[in-house]
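Remarks on the structure that follows.
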Amino acid sequence: MGQVSVAGKVDSSSKLSAPQKGLLKLGLRRDIDLALHLPLRYEDETRITDLSQAREGDLVQIEGVVTSCEVSFRPRRQLLVSLSDGGVSCILRFFNFYPSQQKSLAVGNRIRARGELRGGLLGWTMMHPQTRAATGALPKSLTPVYPTVAALPQAYLRKAVLSGLAKADLEETIAPEVSSALQPIPLWTLRDALNFLHHPSPDVSLCELEDHTHPAWQRLKAEELLAQQLSQLLSRREREHLHAPKLSETEDGLLYQGLLKRLPFQLTAAQKRVVEEIVRNLAQPQPMHRLLQGDVGSGKTVVAALAAARCMDAGWQCALMAPTEILAEQHFRKLIAWLEPLGVQIAWLTGSQKKKERAEMLAMIASGGAGLVVGTHAVIQEQVQFRKLALAIIDEQHRFGVAQRLALRSKTQEGDLEPHMLMMTATPIPRTLAMSYYADLDVSTIDELPPGRSPIVTKVVSEQRRAEVIERIRAQLMQGRQVYWVCPLIEESEALDLANATQTHAQLSAALNQADDSRISNDNAPAVMVGLLHSRMPVAEKKSVMASFASGEMGVLVSTTVIEVGVDVPNATLMVIEHAERFGLSQLHQLRGRVGRGAGASACVLLYATGEAPRLSQTARDRLRAMAQTNDGFEIARRDLDIRGPGDFLGSRQSGEALLRFADLNADSTLLAWAQKAAPIMLDRYPDEATRHLHRWLGGRTDFLKA
Ligand code: ADP
Ligand code: MG
């Protein structure tokens, strides 16, 4: 249905012409894709300006006869063409030109030229105008200029779009009842909107076209948002037809109650509330898909543990996955401490495991002996067979790709039962994103930190004051506290990073262990242990470094960003982030969350480099300022979204390419609210139209949206 000529040949893409490959590169396969490929801007070729009426600086199109055409060499090689429109003449100047161009600009030819008019003592000139033979009538609409790629010329693309527009199915899918609900903006039809946007009449307000407020744009954005809401609602409703094990409260509630009793602290009110939301959800016969968001340090792990306990009490298995081995291991240790005394067997799975150990673990999982499985991506690999998996918990979910979540879901067993899913994130989702991209999930929010935490004081400090910072570290160590020192990861050059981290490590070891330093009064003062952790290290070594930091034996941990998420050492009270200007905002916030986890007052020092080019950029400055101003993860997330835009923010959730192309969540909140209301009406009363609408906008990508 409605394929462009290239589409049929996708498999033998080597035989495609360069422009055809260009179309594919832009994702333009179907007619509708072409029809939805909208111009970047427009050129006005509908009018001819009389040179006698022209003003300097005008962007105009003129028409006339070539009276001379010659190559001049002064001051440098250039083609000079003189064009006369009857009364006045204009010099066209080209510094780069082809012989073919010279030919089309031969004396006597009648041509049109478009460009900016400059006035000079010698009359009008145009630099590098666009020229064409003056044949045929003037176009009646503005000429579209499309986003393109190398080897795909505008002319080819224009033709393809035109043909796509003519052939695509543009029948209305939005029922009048639904579209009229969008007061006070009346919706154009899709056909009118697209025809207009590809070929607007010259009297249009360019301003409205550019800032996408024109009614034609409104229609497109409404369409797009509706498609997004439909797909999310659809996956939500499909979930209602799926079955999951009911994990209800059991009479003895051995593990759940036992764990609550064993905890060395009281749950916060927010933790109690989210646990309540989760366990209520788990007791339903439909799979839960819930996002648990809570700032770093808000105590998500214990919530996960309680959910796992409820699952095991009901006689089922639970899996917990984390994006890095270090983080997974932290969870593993904590869960062992909490649950093993209650008789739970916990299996451990990672990629770096020895074969024999792995085989043992797999057997334990398959037999159901392990009630809980903790690990990295290894947990979702094919060979892993659960006996009775009922709950999958994914920590720092934004790190996991959609495909991985699909794989986890497909670990079905026991007939047609699906596992419940709990995704945890420390990056809170701003409201507009929650309403759009995450509309298929239920959300629980931990909005308070455990009591007794003093807020982390953040200082932005120039690299030149490094010596003072080292003094500060010494002071913390004297109080028996521990310190993180984080070095940035420069993606282009891992080697450089390593060098940087290694150098810092050496420098700190030396500075903190100066035996002759008068500040250490005791002659045989214990040496300060300074550790180094980076991603290239063998796993065993990483583990032993982490273990010695966690035990308190190591005072300072110099690390690249491997410690970014989830590491929990409450005695660490100072974090220094070197080259803080290179980090993203939410990354800085995540890192900072590694301190301030115990009762001790904590601080974070953001060291920035000075003097070197490039100087601190404005956005880097904004980020550092935001960090110094607030500890609130929601506020940070909001500012981060402002700085980066949703594409970056969403990260891997976007592997389904469901990113909005036209709508802007901030500017189009009215349309978003409409789409949210319209989607259920469409699905209930106009299911066929809804299906066509989804197909139009998402084509074959709808599967991904169900993850
Ligand atoms: P995150 O939400 O960042 O994953 P964690 O689950 O690692 O946070 O918890 C951070 C620290 O707070 C841990 O040391 C944890 O044991 C502790 N903690 C969690 N809940 C409470 C509570 N209600 N009272 C006191 N400490 C708590
Ligand atoms: Mg955590």
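Nearest 20 debye, what's the magnitude of the dipole of the chain about its Cα centre given +1 on Lys and Arg Cβ and -1 on Asp and Glu Cβ? List each step's numbers first, then the result.
Working: 81 positive and 78 negative charges, 232 e Å.
Once rounded to the nearest 20, the dipole reads 1120 debye.
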Please work through the chain and write down the cysteines that have no neighbouring cysteine Cβ at a distance under 4.7 Å.
Cys69, Cys90, Cys207, Cys487, Cys604
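Using only C-alpha positions, report the orientation-averaged shadow area of the convex hull of the range 186-338, nm², one decimal. Numbers along the way, then the final one.
On the way: hull surface 58.7 nm².
The Cα convex hull of the range 186-338, projected and averaged over all directions, gives 14.7 nm².
If you average the sequence gap of Cα pairs under 8 Å that are 6 or more apart and divide by the length of the chain, what percent do you get for the contact order? Walk me through the numbers on the way to the answer.
Working: 1204 pairs, mean separation 92.9, N = 707.
That works out to 13 percent.
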What is the Cα coordinate range of the range 252-308 on the first, second and third principal axes, sorted by size from largest, in whole angstrom?
34, 32, 16
Cα-centred dipole magnitude for the range 224-270, charges only on beta-carbon of K, R (+1) and D, E (-1), debye, nearest 20
120 debye
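For the range 91-196, what is the relative contact order in percent, using Cα pairs closer than 8 Å and at least 6 residues apart in sequence?
Numbers: 72 pairs, mean separation 19.8, N = 106.
Here the relative contact order equals 19 percent.
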With DSSP loop assignment and no more than 12 other C-beta atoms within 10 Å, the chymotrypsin sites (Phe, Trp or Tyr not before Pro) in the range 86-152 are Phe95
Over the chain: helical MRE at 222 nm, DSSP H runs n ≥ 4 each giving -39500 (n - 2.57), nearest 500
-11500 deg cm²/dmol
Applying the gyration tensor rule to the Cα atoms of the range 335-395 (axes a ≥ b ≥ c; rounded if a/c under 1.5, else prolate if a/b exceeds b/c, else oblate), the class is rounded
Could you tell me the accessible area of Ile470 in Å² (1.4 Å probe, neighbours in place), rounded to the nearest ten?
20 Å²
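Among Lys15/Lys167; Lys246/Lys300; Lys300/Lys388; Lys21/Lys103; Lys356/Lys388, which pairs are too far apart, with a Cα-Cα distance over 27 Å? Please list the in-between numbers first.
On the way: Lys15/Lys167 24 Å; Lys246/Lys300 23 Å; Lys300/Lys388 24 Å; Lys21/Lys103 31 Å; Lys356/Lys388 23 Å.
In this structure, Lys21/Lys103 exceed 27 Å between Cα atoms.
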Answer rounded, prolate or oblate for the range 140-191, using the Cα gyration tensor with square roots of eigenvalues a ≥ b ≥ c: rounded when a/c is under 1.5, else prolate when a/b is larger than b/c, else oblate.
prolate
Between 0 and 90 degrees, rounded to the nearest ten: what's the tilt of helix 325-339 against the longest Cα principal axis of the chain?
40 degrees
Can you pull the Rg over Rh of the chain, Cα-only, Kirkwood?
1.06
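If a/c stays under 1.5 just call it rounded; otherwise compare a/b with b/c (prolate if a/b is bigger, oblate if not). Do that for the range 32-166, with a ≥ b ≥ c from the square roots of the Cα gyration tensor eigenvalues. If you can, show how the numbers build up before the last one.
Working: a/c = 2.13, a/b = 1.68, b/c = 1.27.
Since a/c reaches 1.5 and a/b is larger than b/c, the shape of the range 32-166 is classed as prolate.
The values are calculated or read from the model by the stated rules, or taken from the named source; none is laboratory data. Owing to the predicted nature of the structure, the values given are computational and were not obtained by experimental measurement. Cβ coordinates were reconstructed from backbone atoms using ideal geometry, including for glycine residues, and neighbour counts include every protein chain displayed. The accessibility values were calculated without ligands, DNA or RNA, using every heavy atom of the protein model including side chains. Shrake-Rupley method; radii C 1.70, N 1.55, O 1.52, S 1.80 Å.
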